[in-house]
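As structure tokens, the structure follows; a few thoughts come after it.
Any read-out appearing in this document is the output of simple, stated calculations on the displayed coordinates, not a laboratory observation. Keep in mind that this is a model prediction, so the values were computed, not measured. Cβ atoms come from the backbone with ideal geometry, glycine included; neighbour counts cover every protein chain shown.
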Amino acid sequence: MSSADIYREIILDYYRNPRNYGKIENPDISQKDSNPLCGDELEMHINLRDNQVSDVKFTGKGCAISQASASMLTELIMGKDFDFVKKLTKEDILENLGLHELGPARIKCALLSLKVLKYGIYSYVSDKLKDTVSADKIKEEASGLF
């Protein structure tokens, strides 16, 4: 079995058995978005405590890559410092998925969760922290994903 086959099996497992699937009542961060090219939808909820992710959940529907990516992302950020979460990049997500040879449409599926996360962080930083400089940078990063 090749490493590509192993990654495909891992993605299918995350798709069939999503981690952190569900909603959070009264989250600190809540954001949803979709990929208009394929119809994938994703909503993410995050709670923060002492500048760390104390809980994270997602809901959505779509292809195996978009849903597995969201599930993996929730595991990646759980318990992490908010500054770490703000700095995540598309390379981090693709590395986490183990997929580097995706076509343009599939990359958008893989990065939908990061886009939702970045827009959620943008709203939180802008509205709650009143830091428009940081918020604008995060919004620019999110806009550049698609």
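Things worth noting here:
- Each residue of the stretch 101-114 was assigned a 3J(HN,Hα) from its phi angle through the Karplus expression (A = 6.51, B = -1.76, C = 1.60, θ = phi - 60°), giving 10, 8, x, x, 5, 6, 5, 5, 5, 5, 9, 4, 5, 5 Hz with x at Gly and Pro.
- Amide H within-cut-off set for LEU88, under 5 Å, with H built and near neighbours excluded: none
- Beta bridge orientation in the chain: antiparallel %, DSSP, nearest 5: 95
- Net dipole in debye of the chain [+1 Lys, Arg Cβ; -1 Asp, Glu Cβ; about Cα centre; nearest 20]: 260
- The value of relative contact order for the chain, using C-alpha pairs under 8 Å at least six residues apart, is 23 percent.
- Selection among ILE77, LEU37, SER134 by position relative to the dipole of the chain gives LEU37 as farthest towards the positive end (Cβ unit charges, Cα centre).
- Residues whose placed amide H lies under 5 Å from that of GLN52, excluding near-sequence neighbours: PHE82
- By average C-beta atoms within 10 angstrom, highest first, the peptides 124-133, 51-60: 51-60, 124-133
- Dipole orientation for the chain: of the candidates MET1, ALA64, GLY98, ALA64 has the Cα lying most toward the positive pole (charges on Cβ; Lys, Arg +1; Asp, Glu -1).
- For the stretch 94-145, alpha-carbon Rg and Dmax in angstrom: 12.9, 39
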